[in-house]
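The values are calculated or read from the model by the stated rules, or taken from the named source; none is laboratory data. Remember, predicted model here, so these are calculated numbers, not experimental data. Don't worry about glycine lacking a Cβ; one is built from the backbone with ideal geometry, like all the others, and counts go over all protein chains shown. The accessibility values were calculated without ligands, DNA or RNA, using every heavy atom of the protein model including side chains. Shrake-Rupley method; radii C 1.70, N 1.55, O 1.52, S 1.80 Å.
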Amino acid sequence: VQLQASGGGLVQAGGSLRLSCAASGRTFSAYRMGWFRQVPEKQRDLVASISSGGSTNYAASVKGRFTISRDNIKSTVYLQMNNLKPEDTAVYFCAADRTNTYSFDWWGQGTQVTVSS
């Protein structure tokens, strides 16, 4: 599986961005997919995940503002981010959990999200 993330950028606080992550391979629909974020010298944190069946989970800090979704026809997972805050500034990564055990073992390159106050 190869993952290609896009959609990052600079936005003002209160604004919105949508991240996309396109996957290669024919078994995308079978994987749990996740979005993580990382700031310098901090660990990479799980922001949101979506199972192969469409069940979603969110970090408390983004619940109600971010929405993860997937399009299995396009082999793409999305992260809609609304009401962005400066503390959402980070490099965002998408990842695939091929065993559906919350063990994300395939990673895309990061995309920078910067929220100005």
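Quick notes on this one:
- Elements of type strands (runs of 3 or more DSSP E) in region 1-86, at least 2 residues being free of Cβ contacts under 8 Å to residues at least 12 places away in the same chain and of a type outside the set (Val, Ile, Thr): 56-58
Rundown of residues vs (1) on the phi < 0 side of the Ramachandran plot; (2) in contact with a Lys or Arg (Cβ under 9 Å, 6 or more places away or on another chain), yes/no style:
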position	(1), (2)
Val11	yes, no
Gly14	no, yes
Ser24	yes, no
Phe36	yes, yes
Lys42	yes, no
Ser52	yes, yes
Val91	yes, yes
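- Residues in region 68-117 that are among the aromatic types (Phe, Trp, Tyr) and under 12 Å from Leu19 (Cβ atoms): Tyr78, Tyr92, Phe93.
- Set Ser69, Ser117: member being of a type in the set (Gly, Ala, Ser) and farther than 18 Å from Tyr31 by Cα: Ser117
- All positions within region 59-93 that are open to solvent by 10 Å² or more (accessible area, probe 1.4 Å), within 13 Å of the chain's Cα centre (by Cα) and of a type in the set (Val, Ile, Thr): Thr67, Thr76, Val91
- Against the numbered list (1) open to solvent by less than 50 Å² (accessible area, probe 1.4 Å); (2) at positive phi, Tyr102 comes up short only at (1).
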